[in-house]
Amino acid sequence: MLDQYKRKIDYMRISVTDRCNLRCRYCMPADGIEQMACKDLLSYEEILRLCRIFAQLGIKKIKLTGGEPLVRLGICHLIQQIKQINGIEQVTITTNGVLLPQMAEELIKTGIDGINISLDTLQRDKFLELTRRDQLADVLAGIERLMELGYKNIKINCVPIMEINGNQIAGIVGLAKKYPLVVRFIELMPIGNITGYTAIHRDFIMETLQNRYGELVPYQSSLGNGPASYFSLPKFKGKIGFIDAIHHKFCEACNRVRLTSNGFMKLCLQYNVGVDLKEMLRSDADDAYVKQVIKKNIYKKPLEHHFYDESVAQIRDERNMFQVGG
Ligand code: SAM
Ligand code: SF4
């Protein structure tokens with residue numbers, strides 16, 4: 001499926017819940033969150049129906065996200081069912097990793113094609129300060145468990161923020177020295193509450209790593225569905241990656257759409273443009289009609305984001321990351 005700028009759209013991120021067991025400061029307030037009513041969440045039947053329709057339209061890769069996707073009951077069964085849909089080649093998940101110690105085995109049994117774990121610091125006090133929960137040990141045990149089980153496709157996603165992990169970049173990257181996994185740095189975006197936080201530029205990270213570990217050599221093979229650039233370091237089992245949506249804009253190659261947990265198909269991370277599919281699913285619309293509406297909307301996908309451009313403020317999305325899924 002192509003949009004009006006001839007971009008091939010083959011990747012969908014589905015947020016299965018807005019609930020989370022952490023409260024990362026840049027993503028979610030400590031309390032007072034208005035959680036979505038259960039009746040407004042898409043049911044698994046509705047998600048599966050949409051996945052089938054999207055697959056017919058050319059979506060090949062699906063990432064499950066949240067909130068925290070592992071807190072939604074029955075998530076492993078959902079993964080198994082999505083994997084059986086004709087045309088879907090890859091199902092992956094992004095998780096904060098807290099529930100991995102008890103869920104890793106069941107998750108791997110689904111045949112999941114990739115597990116992304118968000119982890120910004122390896123210091124217990126900083127983890128507690130950032131996520132407002134003392135659960136770093138669970139995340140590390142989860143990574144260890146995946147390793148014990150021989151799981152290969154793991155990415156650690158770290159948002160580099162001067163005030164949180166500015167002095168720990170080399171330490172976090174050490175995970176890719178110890179384990180055959182990819183550590184990726186995801187640039188902080190102006191979504192949610194980022195007041196008081198300073199994004200760390202890729203050049204600073206690269207310099208820190210070269211000083212500590214040696215030359216970063218560009219790695220050409222693709223390791224994911226997105227626009228990351230990858231590097232190897234001497235004596236490392238894993239790789240290092242960078243995704244800088246602001247400083248290295250990759251909109252011209254954007255291949256994705258998003259589905260929020262209440263069924264809004266979102267066409268660009270920045271804007272509140274898209275279509276509410278939930279009401280359509282709950283009316284008597286048939287698949288052919290839903291498909292036509294999706295196709296028409298994807299065609300209109302915006303050309304690019306303009307974060308930090310005040311002139312587009314009126315169409316900026318007020319949803320936070322935990323409501324969109326990253
Ligand atoms: N709870 C899961 C997790 O943390 O992986 C999935 C949802 S979470 C919203 C997905 C990703 O969005 C996490 O890696 C998180 O660090 C990232 N994120 C949240 N707010 C962000 C922001 N303002 N800029 C960049 N990444 C952000
Ligand atoms: Fe939860 Fe993920 Fe947001 Fe952290 S980043 S609060 S883990 S949804």
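Throughout, read-outs are computed from the coordinates displayed, never taken from laboratory work. Keep in mind it's a predicted model, so treat the numbers as computed, not measured. Neighbour counts are summed over all protein chains in view; Cβ atoms, including those assigned to glycine, are modelled from backbone coordinates with ideal geometry.
Quick one: helix 136-148 against the long Cα principal axis of the chain, what's the angle to the nearest 10°, folded into 0 to 90? On a 0 to 90 degree scale, this one is about 80.
Here the extension length gained between residue 2 and residue 249 equals 86.9 nm, from 0.36 nm per residue of separation less the Cα-Cα distance.
Mind checking the dipole of the range 1-85: about its Cα centre, +1 per Lys or Arg Cβ, -1 per Asp or Glu Cβ, Debye to the nearest 20?
Details: 15 positive and 9 negative charges, 101 e Å.
The calculated dipole for the range 1-85 is roughly 480 debye.
Is there a pair in 83/178; 39/155; 109/178; 6/83; 8/63 whose C-alpha atoms are over 23 Å apart, and which pairs would that be? Please report the intermediate quantities before stating the final value.
Details: 83/178 31 Å; 39/155 33 Å; 109/178 25 Å; 6/83 27 Å; 8/63 17 Å.
Too far apart for the 23 Å limit: 83/178; 39/155; 109/178; 6/83.
Counting Lys and Arg as +1 and Asp and Glu as -1 over every other residue whose Cβ lies under 11 Å from the Cβ of residue 187, the net charge comes to +2. Which log10 I(q)/I(0) values, to two decimals, does the chain give at q = 0.09, 0.13 Å⁻¹ under the Debye formula with one point per Cα? Here the Debye-derived log intensity ratios amount to -0.45, -0.99.
At a Cβ-Cβ separation cutoff of 4.7 angstrom, cysteine residues of the chain with no neighbouring cysteine are 20, 38, 51, 76, 158, 251, 254, 268. With both labels modelled 7 Å from their Cα along Cα-to-Cβ, the residue 35 to residue 303 distance reads 4.3 nm. Sorting 212, 49 from the fewest to the most surrounding beta carbons within 10 angstrom yields 212, 49. Between the residues 147, 20, 264, the greatest Cα displacement towards the positive end of the dipole of the range 11-324, with unit charges on the Cβ of Lys, Arg, Asp and Glu, is found for 147.
Taking the Cα centre of the chain as reference, the dipole from Cβ charges on Lys and Arg (+1) and Asp and Glu (-1) amounts to some 820 debye. Solvent-free Debye calculation, one equal scatterer per alpha-carbon of the range 1-99: log10 I(q)/I(0) at 0.11, 0.24, 0.25 Å⁻¹ equals -0.38, -1.25, -1.31. Only DSSP H runs of four or more residues enter the estimate; each adds -39500 (n - 2.57), and after division by the residues of the chain the mean residue ellipticity at 222 nm equals -9000 deg cm²/dmol.
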